[in-house]
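A.B. asks: Pasting a structure below so you can have a look.
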Amino acid sequence: MNQNTDIKNLYIENFKNFEAKLNGGRNSQVHKIRQDAINKLNGLEFPITKWEEWKYTNINPITSSYFNPDVKKKLLNKDEIAKFLFEDFNCNLLVFVNGYYSKELSRQNCKENSVILSNIASVLNEKKEAFDLLGRLAVNNNIFTALNTAYLNDGAFIHIPKNLIVDEPIHLLFIADGEGEKSLIQPRNLVIAEPFSKSTIVEHYVSLNEGVYFNNSVTEILVQENAYVDHIKLQEESKKAFHIGRMEVAQEKSSNFSSHLISLGAEIARNDFNTVFHDSHCESMLNGLFLIDGNQLFDAHTLIDHAKPYCNSHEHYKGILDGKSRGVFNGKVIVRRDAQKTNAFQENNNIILSQEALINTKPQLEIFADDVKCSHGATIGRLDEEAMFYLKSRGIGTEAATAILIHAFASDVIKSIKINAIRNYLEDILDKKFNQ
Amino acid sequence: MLEVKNLFVKVDGKEILKGINLSVKAGEVHAIMGPNGSGKSTLAQVLAGREDYQITGGEVTFNGKNLLDLSPEDRAREGLFLAFQYPIEIPGVSNTNLLKTAVNEARKYRGLEEIDAIEFLSMMKEKMKVVELDQSLISRSVNEGFSGGEKKRNEIFQMAMLEPKLAILDETDSGLDIDALRIVANGVNKLKRPDNATIVVTHYQRLLNYIVPDFVHVLYNGRIVKSGGKELAFELEEKGYDWIKEGK
């Protein structure tokens, strides 16, 4: 028995304590989902670098210690969270502090619209559509999802009814206080976008302090016929935190899903983004930008499953690495035998700012159809010396010139985000990071 | 203003400049002419502070300061400007942003406050007229998708904004049609003042019809082999460079 198995057993043993605190919840239908997950977890192992999907991502710091799922609640006031909000928006905000839903800080449905915006704990027992979907897209086939499901506590539930256009972005703000000892925070989010609806969802992870905690999140998104979902994941957490995030998307006929992952990383941050085209004429865009330094490790694993014909996917990830940081990009595209007339484009560009930073980038295309257009490319480089000299020759010093060029490198990913207020927020983050 | 004494420069181990002497005073316009590969652009780049060029001998002073000791950015802040032969495209950086940063970095260097936003905008508007640049180009990314002529006009626009003491125009006429050439040259002439100076590096005499030099120097094989007044340029146009190459 190794150390990691011991840790796993601690999660299994502590499940009983967790159950005991659920009070009446133990007999609910939802709890059967948890019990099923803890049983699954027993048969699963923590990933090691011998596994192909984790080859460059050593998560021993996560798997060698126990993170406590019994997290303390924390009360915050509106002023304390103001800096995490986007200007101009007053509605559609769900706030979770240390994993617990905060009704006081949230702003639900303040406009006369019929989008259902709620915390998942309050709907799972009542809403059959939520209950039925939970765990269907993100099945308990890996230990982190099983752990998330077993200790299922709270997260966002978003249900956008047919034909509804939601103007304001739906902002899901997950705040960790970053205090105390090794908390395990496990948001579980569920999105149902009904046919012909349109919405923007921001999954936003922040921390108040630079503490050690483990954020293990799972998000499931169902994009129904002709629906349009723009998803933005923004991660600006403690540099000592650990983050494992999984997003599973199911796209139905003619749906359009776009994703932007903007990450300043954590000590270790791993994102698994998977989307499956369940019918023809789907569109998907996966964009990403990560900026890491120090000893940070960032990993983006994406999978686009072209299961059906006439679908387009467009993926563009960019990385900026400094210090001794390490990055991993693994973009997998499967074009199945029936998926004729597929268009799949993938690109990953990286800038290395230091001698010791390292990026492993791997495009992985598996094509079984014969009438398709697929391309991929990856670049790793330094800041353009010609451009650098040009800026310096205009009197701009090394630091300012570096900031300008990094900004420029990042700009096309940021510009692909359609909402101004979010773009401005991101620009501010970049400015802060490089003009210290 | 600029004193170049016996300057030797190597690029990738190969000696390109072999003892350049040049003296430029305020109010003067100097033209440096010469055939391809003679070292004209190397001289321009070395003065601007290009780091991958190795200086093996000589000295350069700029307003009394040792120019070769200064970083490229400090040379610019001291008032030296290089208009590039091939202006760099920088996608994602707007011209406005570049100029605002550049203007403020120079002001900071001179111990001045950052420029007021309104003042900056009116300065931009005024200087845009000098080279007949359109507002829409200014708000775009630096040189991205610009035509050859627009790029060169943008260089002169930047020069107008930064108000250098010494401007070096590196082959600013190359690739320009006659209308663009006229606009660029007019811009340079409008910016001419008794307290600044210009070095025009060019292969052709054509540009010198519009920017009239006080002195013409012929650079060949890393050395200035002949200097004279503006009539030297006409002579070169007529006879080509061969008579210089052949020696006398």
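A.B. asks: List, please: which pairs have Cβ atoms under 7 Å, are six or more places apart or on different chains, and start with a residue in segment B:159-174 that is in contact (Cβ under 8 Å) with a residue 40 or more places away in the chain and end with one that is basic (Lys, Arg) and part of a loop (DSSP other than H, G, I, E, B)?
C.D. replies: Filtered contacts from segment B:159-174: B:Leu162/A:Arg394.
A.B. asks: Let me ask something additional. What number of residues within segment A:329-347 are surrounded by 21 or more Cβ atoms within 10 Å (Cβ to Cβ) and closer than 19 Å to A:Asp272 by Cβ?
C.D. replies: 6
A.B. asks: Looking only at segment A:379-387, decide whether some residue is surrounded by 17 or more Cβ atoms within 10 Å (Cβ to Cβ), without any contact (Cβ under 8 Å) to a residue 12 or more places away in the chain and facing chain B (nearest Cβ under 8 Å).
C.D. replies: No, every residue in segment A:379-387 fails to be surrounded by 17 or more Cβ atoms within 10 Å (Cβ to Cβ), without any contact (Cβ under 8 Å) to a residue 12 or more places away in the chain and facing chain B (nearest Cβ under 8 Å).
A.B. asks: For the list (1) surrounded by 16 or more Cβ atoms within 10 Å (Cβ to Cβ); (2) more than 14 Å from every other protein chain (Cβ to nearest Cβ), I need the number of the one condition that B:Gly64 fails.
C.D. replies: (1)
A.B. asks: While we're here: Provide a single number: the residues in segment A:283-309 that are β-branched (Val, Ile, Thr) and under 25 Å from A:Lys418 (Cβ atoms).
C.D. replies: Of the residues in that region, 2 qualify.
A.B. asks: I'd like to check which helices (runs of 4 or more DSSP H) are fully inside segment B:162-248 and have at least 1 residues that are under 17 Å from the mean Cα position of the chain (by Cα) and farther than 25 Å from B:Val11 by Cα.
C.D. replies: Qualifying helices (runs of 4 or more DSSP H): B:178-191.
A.B. asks: Here's something else I'd like to know. Which of the residues belonging to segment A:300-314 are surrounded by fewer than 24 Cβ atoms within 10 Å (Cβ to Cβ) and either under 30 Å from A:Lys239 (Cα atoms) or in contact with a strand residue (DSSP E or B) (Cβ under 6 Å, 6 or more places away or on another chain) (or both)?
C.D. replies: Once the filter is applied, which keeps residues that are surrounded by fewer than 24 Cβ atoms within 10 Å (Cβ to Cβ) and either under 30 Å from A:Lys239 (Cα atoms) or in contact with a strand residue (DSSP E or B) (Cβ under 6 Å, 6 or more places away or on another chain) (or both), segment A:300-314 yields A:His301, A:Leu303, A:Asp305, A:Ala307, A:Lys308, A:Asn312, A:His314.
A.B. asks: Collect the residues in segment B:69-105 that are more than 9 Å from every other protein chain (Cβ to nearest Cβ), touching a helix residue (DSSP H, G or I) at 6+ places or on another chain (Cβ under 6 Å) and part of a strand (DSSP E or B), keeping them in residue-number order.
C.D. replies: B:Ala83
A.B. asks: Could you grab me the full set of residues in segment A:407-430 that are facing chain B (nearest Cβ under 10 Å), touching a Pro at 6+ places or on another chain (Cβ under 9 Å) and closer than 21 Å to A:Glu87 by Cβ?
C.D. replies: Selection gives A:Ser411 alone.
A.B. asks: Given (1) within 22 Å of B:Leu70 (Cβ to Cβ); (2) surrounded by fewer than 15 Cβ atoms within 10 Å (Cβ to Cβ), identify the lone condition not met by A:Gln355.
C.D. replies: Going through the list (1) within 22 Å of B:Leu70 (Cβ to Cβ); (2) surrounded by fewer than 15 Cβ atoms within 10 Å (Cβ to Cβ), A:Gln355 breaks only (1).
A.B. asks: Consider segment B:38-57. How many of its residues are away from chain A (no Cβ under 11 Å) and either surrounded by 21 or more Cβ atoms within 10 Å (Cβ to Cβ) or within 20 Å of B:Leu166 (Cα to Cα) (or both)?
C.D. replies: Within segment B:38-57, residues that are away from chain A (no Cβ under 11 Å) and either surrounded by 21 or more Cβ atoms within 10 Å (Cβ to Cβ) or within 20 Å of B:Leu166 (Cα to Cα) (or both) number 7.
A.B. asks: Could you identify the single residue in A:Leu137, A:Leu147, A:Leu184, A:Leu152 that is closer than 25 Å to A:Ile12 by Cα, in contact with a Pro (Cβ under 7 Å, 6 or more places away or on another chain) and not small (Gly, Ala, Ser)?
C.D. replies: Going through A:Leu137, A:Leu147, A:Leu184, A:Leu152 in turn, the sole match is A:Leu184.
A.B. asks: Determine whether segment A:346-369 contains at least one residue that is out of contact with any strand residue (DSSP E or B) (no Cβ under 8 Å at 6 or more places or on another chain) and away from chain B (no Cβ under 14 Å).
C.D. replies: Looking through segment A:346-369, at least one residue is out of contact with any strand residue (DSSP E or B) (no Cβ under 8 Å at 6 or more places or on another chain) and away from chain B (no Cβ under 14 Å).
A.B. asks: Another question, if that's okay. How many residues does segment A:377-436 hold that are aromatic (Phe, Trp, Tyr) and more than 30 Å from B:Gln85 (Cα to Cα)?
C.D. replies: The qualifying residues number 2.
A.B. asks: How about segment A:1-99: which helices (runs of 4 or more DSSP H) wholly inside it have at least 2 residues that are farther than 23 Å from A:Ala266 by Cβ?
C.D. replies: Counting at least 2 such residues, we get A:3-21, A:29-42, A:78-81.
A.B. asks: Can you tell me which residue in segment A:392-406 is nearest to the chain's Cα centre (by Cα), limited to those that are at the interface with chain B (Cβ under 7 Å from one of its Cβ atoms) and of a type outside the set (Gly, Ala, Ser)?
C.D. replies: Here the residue is A:Ile404.
A.B. asks: Would a scan of segment B:106-114 turn up a residue that is part of a helix (DSSP H, G or I), more than 12 Å from every other protein chain (Cβ to nearest Cβ) and in contact (Cβ under 8 Å) with a residue 12 or more places away in the chain?
C.D. replies: No: segment B:106-114 contains no residue that is part of a helix (DSSP H, G or I), more than 12 Å from every other protein chain (Cβ to nearest Cβ) and in contact (Cβ under 8 Å) with a residue 12 or more places away in the chain.
A.B. asks: Follow-up question, since we're still on this one. Against the conditions (1) in a helix (DSSP H, G or I); (2) more than 9 Å from every other protein chain (Cβ to nearest Cβ); (3) surrounded by 22 or more Cβ atoms within 10 Å (Cβ to Cβ), where does B:Ile32 fall short? Just the number, please.
C.D. replies: It is condition (1) that B:Ile32 fails.
A.B. asks: Turning to a different aspect of this structure: Could you give me the residue pairs with C-beta distances under 7 Å whose first residue belongs to segment B:131-146 and is within 14 Å of chain A (Cβ to nearest Cβ), whose second residue is among the acidic types (Asp, Glu) wherever it lies, and which are 6+ apart or on separate chains?
C.D. replies: Close Cβ pairs satisfying both conditions: B:Val142/B:Glu89; B:Asn143/B:Glu89; B:Glu144/B:Glu89.
A.B. asks: Follow-up. Among A:Leu190, A:Leu222, A:Leu173, A:Leu234, which is modelled with pLDDT of 95 or more, within 12 Å of the chain's Cα centre (by Cα), within 24 Å of A:Gln108 (Cβ to Cβ) and not in a loop (DSSP other than H, G, I, E, B)?
C.D. replies: Exactly one of A:Leu190, A:Leu222, A:Leu173, A:Leu234 is modelled with pLDDT of 95 or more, within 12 Å of the chain's Cα centre (by Cα), within 24 Å of A:Gln108 (Cβ to Cβ) and not in a loop (DSSP other than H, G, I, E, B), namely A:Leu234.
The values are calculated or read from the model by the stated rules, or taken from the named source; none is laboratory data. What you are looking at is a predicted structure, and each value in this text was computed from that prediction instead of being measured. Every residue, glycine among them, receives a Cβ derived from its backbone with ideal geometry; neighbour counts consider all protein chains shown.
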